[in-house]
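The values are calculated or read from the model by the stated rules, or taken from the named source; none is laboratory data. It should be emphasised that the depicted structure is a prediction, and the values quoted were computed from it without experimental measurement. Counting neighbours? That spans all protein chains shown, and the Cβs are built from the backbone with ideal geometry, glycine included.
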């Protein structure tokens, strides 16, 4: 083989080597890029409410063992949508919820609310604190009769005769943990929770003593669950106070 032929052969060999190396490098880069690519996230409602279900349960059943992540399942959609809006507007204070709702649109909040409102799952009871019989009786009186001398209406006057809520804006109270009920009444009393004015719950809570809050929370948390846990129909009660949330309706 003459010199020219040898040079041509060498070029072909080196070209093959370089091409093979380039293909190997390209393949490695592509594989690494594939490994580093973000995982595909399905655009489903289940995926989009993962931040809700992480604390409130897969179907909004709540986490009774914690006492502070309440049940969402079966709550009136108007109430749930209003709470999302109140967190977004800073009327309700809880960092993770304020962050979660920051960029939600009204339609999206309504979709989330309607999903959880449609869930019908069994209730689970929460641990109860020790409470004196007299305090428990006081809680029953406040819940069912109120205290007219202090202008405190009964819980049943707004939350339904069985405390299961009223469509579309009033939540049920039975089945909620003692810790959650007492903490929310305390938040209204100390003005760290609010809603659209006039805020009738803040007005009522301001008239309750610490002992009243503990008593009524214990009675509601310990009450036997009624056979029908669904919220009463709209218009089935006449609220004793003028409440802004009822005027505002379900739309956030």
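Determine, yes or no, whether residue 90 is under 17 Å from residue 188 (Cα atoms) and not in a helix (DSSP H, G or I). Outline the logic, then answer.
Numbers: under 17 Å from residue 188 (Cα atoms): yes; not in a helix (DSSP H, G or I): yes.
In short, yes.
Is one or more of the residues making up segment 175-191 at negative phi, surrounded by 21 or more Cβ atoms within 10 Å (Cβ to Cβ), out of contact with any strand residue (DSSP E or B) (no Cβ under 6 Å at 6 or more places or on another chain) and in a loop (DSSP other than H, G, I, E, B)?
Yes, the conditions are met somewhere in segment 175-191.
Which one is modelled with the lowest pLDDT among residues in segment 218-252 that are surrounded by fewer than 21 Cβ atoms within 10 Å (Cβ to Cβ) and assigned to a helix (DSSP H, G or I)?
Only one residue fits best here, namely 248.
Go through (1) touching a residue at least 60 places away in the same chain (Cβ under 8 Å); (2) farther than 22 Å from residue 169 by Cβ; (3) out of contact with any helix residue (DSSP H, G or I) (no Cβ under 8 Å at 6 or more places or on another chain) and name the single condition residue 234 misses.
That leaves (2) as the condition not met.
Here is a list: 218, 202. Which entry is more than 30 Å from residue 88 (Cβ to Cβ) and under 23 Å from the mean Cα position of the chain (by Cα)? Don't jump to the end; show me each part of the working.
Working: 202 fails: more than 30 Å from residue 88 (Cβ to Cβ).
Only one candidate passes the filter, namely 218.
Can you say whether residue 64 is at pLDDT below 90, out of contact with any strand residue (DSSP E or B) (no Cβ under 7 Å at 6 or more places or on another chain), loosely packed, with under 10 Cβ neighbours inside 10 Å and part of a loop (DSSP other than H, G, I, E, B), as far as the supplied structure shows?
Details: at pLDDT below 90: yes; out of contact with any strand residue (DSSP E or B) (no Cβ under 7 Å at 6 or more places or on another chain): yes; loosely packed, with under 10 Cβ neighbours inside 10 Å: no; part of a loop (DSSP other than H, G, I, E, B): yes.
No: the conditions fail for residue 64.
Quick one: would you say residue 141 is assigned to a helix (DSSP H, G or I), surrounded by fewer than 21 Cβ atoms within 10 Å (Cβ to Cβ) and touching a helix residue (DSSP H, G or I) at 6+ places or on another chain (Cβ under 6 Å)?
Values: assigned to a helix (DSSP H, G or I): yes; surrounded by fewer than 21 Cβ atoms within 10 Å (Cβ to Cβ): yes; touching a helix residue (DSSP H, G or I) at 6+ places or on another chain (Cβ under 6 Å): no.
So residue 141 fails the test.
Looking at residue 51 and the list (1) assigned to a helix (DSSP H, G or I); (2) in contact with a helix residue (DSSP H, G or I) (Cβ under 6 Å, 6 or more places away or on another chain); (3) at pLDDT 95 or above, which single condition is not satisfied?
(3)
Which condition does residue 215 not pass, out of (1) touching a residue at least 40 places away in the same chain (Cβ under 8 Å); (2) touching a strand residue (DSSP E or B) at 6+ places or on another chain (Cβ under 9 Å); (3) assigned to a helix (DSSP H, G or I), if it passes all the others?
Against the list (1) touching a residue at least 40 places away in the same chain (Cβ under 8 Å); (2) touching a strand residue (DSSP E or B) at 6+ places or on another chain (Cβ under 9 Å); (3) assigned to a helix (DSSP H, G or I), residue 215 comes up short only on (2).
When the residues of segment 117-135 are filtered to those that are modelled with pLDDT of 95 or more and in contact with a helix residue (DSSP H, G or I) (Cβ under 6 Å, 6 or more places away or on another chain), which remaining residue is surrounded by the most Cβ atoms within 10 Å (Cβ to Cβ)?
Going through the qualifying residues, I end up with 117.
Could you run through segment 64-78 and say how many residues are closer than 14 Å to residue 109 by Cβ, within 11 Å of the chain's Cα centre (by Cα) and in contact (Cβ under 8 Å) with a residue 60 or more places away in the chain?
1
Report the residue count in segment 144-155 for those that are surrounded by 17 or more Cβ atoms within 10 Å (Cβ to Cβ) and either in contact with a strand residue (DSSP E or B) (Cβ under 7 Å, 6 or more places away or on another chain) or assigned to a helix (DSSP H, G or I) (or both).
Residues in segment 144-155 being surrounded by 17 or more Cβ atoms within 10 Å (Cβ to Cβ) and either in contact with a strand residue (DSSP E or B) (Cβ under 7 Å, 6 or more places away or on another chain) or assigned to a helix (DSSP H, G or I) (or both): 1 in total.
Looking at 59, 110, 92 in this structure, which one is in contact with a strand residue (DSSP E or B) (Cβ under 7 Å, 6 or more places away or on another chain), over 19 Å from residue 163 (Cα atoms) and touching a residue at least 40 places away in the same chain (Cβ under 8 Å)? Spell out how you get there, then give the answer.
On the way: 59 fails: in contact with a strand residue (DSSP E or B) (Cβ under 7 Å, 6 or more places away or on another chain); 110 fails: in contact with a strand residue (DSSP E or B) (Cβ under 7 Å, 6 or more places away or on another chain).
On inspection, the qualifying residue turns out to be 92.
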